[in-house]
Amino acid sequence: MQLLLRLDLPEDMAHLALLRRAAREALARSPVPPKDAEDIEVILGELATNAVVHARAGSDYRVEIVLEADDLAVVTVADQGVGFSREAVPPPGTPRPDADGVKERLGGWGLPMVEMLADSVEIVANAPRGTRVRVEKRFAGVAPVEKLRPLTAARGGGQTRAE
């Protein structure tokens, strides 16, 4: 296991650009392929944004990127908000109160985007407060078995292969 980045940040939108820049620099110096590094940066940015928007005011949140193998990165973001379960998240585009609680905004695309870019997403509500989201991202060319798609049967042999 190789820890690539761990930061404890205040719940403040101003630090999101710093976080993304630090992640980009750390990933650029790692063996992570560039396309996967971009995906990891997006995943981290979306999860950190959710932590800032939904965490308890004045609290900190922790982000980590760990290279667990030659082909796997694990991104974890833990906050001290009210906690949530995936089932309780409204669908993307659902009106929701803005940060000031007065205006409404359309949102909710971050978590579905993370789920599309990741190989697995685990959401754990921490008691009594907070949420920890753990995401696994395999690098290009290394697909987990459940993501392999058979191609049409090859001529003559009836065999299938995965992309």
Ser30, sole failed condition from (1) over 17 Å from Asp70 (Cα atoms); (2) surrounded by fewer than 21 Cβ atoms within 10 Å (Cβ to Cβ): (1)
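Kindly indicate whether any position in region 94-110 is over 15 Å from Arg132 (Cα atoms) and in a helix (DSSP H, G or I).
As a first pass, look at region 94-110 and keep what is over 15 Å from Arg132 (Cα atoms): 94-110.
Next cut, in a helix (DSSP H, G or I) only: 110.
Yes, region 94-110 has at least one match.
Conditions (1) among the small types (Gly, Ala, Ser); (2) without any contact (Cβ under 8 Å) to a residue 40 or more places away in the chain; (3) in contact with a Cys (Cβ under 8 Å, 6 or more places away or on another chain), marked per residue:
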position	(1), (2), (3)
Leu16	no, yes, no
Ala22	yes, yes, no
Lys35	no, no, no
Glu46	no, no, no
Thr49	no, no, no
Ala78	yes, no, no
Glu87	no, yes, no
Residue match in region 1-15 (condition: open to solvent by 30 Å² or more (accessible area, probe 1.4 Å), in contact with a Gly (Cβ under 7 Å, 6 or more places away or on another chain) and modelled with pLDDT of 90 or more): no
Restricting region 120-133 to residues that are surrounded by fewer than 15 Cβ atoms within 10 Å (Cβ to Cβ) and among the charged types (D, E, K, R), the residue that is modelled with the highest pLDDT: Glu122
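To keep it simple, each residue is scored yes or no on (1) closer than 20 Å to Phe139 by Cα; (2) acidic (Asp, Glu).
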position	(1), (2)
Leu5	yes, no
Leu9	no, no
Glu41	yes, yes
Thr49	no, no
Leu67	yes, no
Matching residues, region 54-76, being in contact (Cβ under 8 Å) with a residue 12 or more places away in the chain and closer than 15 Å to Leu3 by Cβ: Arg62, Val63, Glu64, Ile65, Val66, Leu67, Glu68, Leu72, Ala73, Val74, Val75, Thr76
Residues that are assigned to a strand (DSSP E or B) and buried (at least 17 other Cβ atoms within 10 Å of the Cβ), drawn from region 42-61: Tyr61
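The values are calculated or read from the model by the stated rules, or taken from the named source; none is laboratory data. Nothing here was measured: the structure is a model prediction, and the numbers come from that model. Don't worry about glycine lacking a Cβ; one is built from the backbone with ideal geometry, like all the others, and counts go over all protein chains shown. SASA here: full protein model, heavy atoms, side chains in, ligands and nucleic acids out. Shrake-Rupley method; radii C 1.70, N 1.55, O 1.52, S 1.80 Å.
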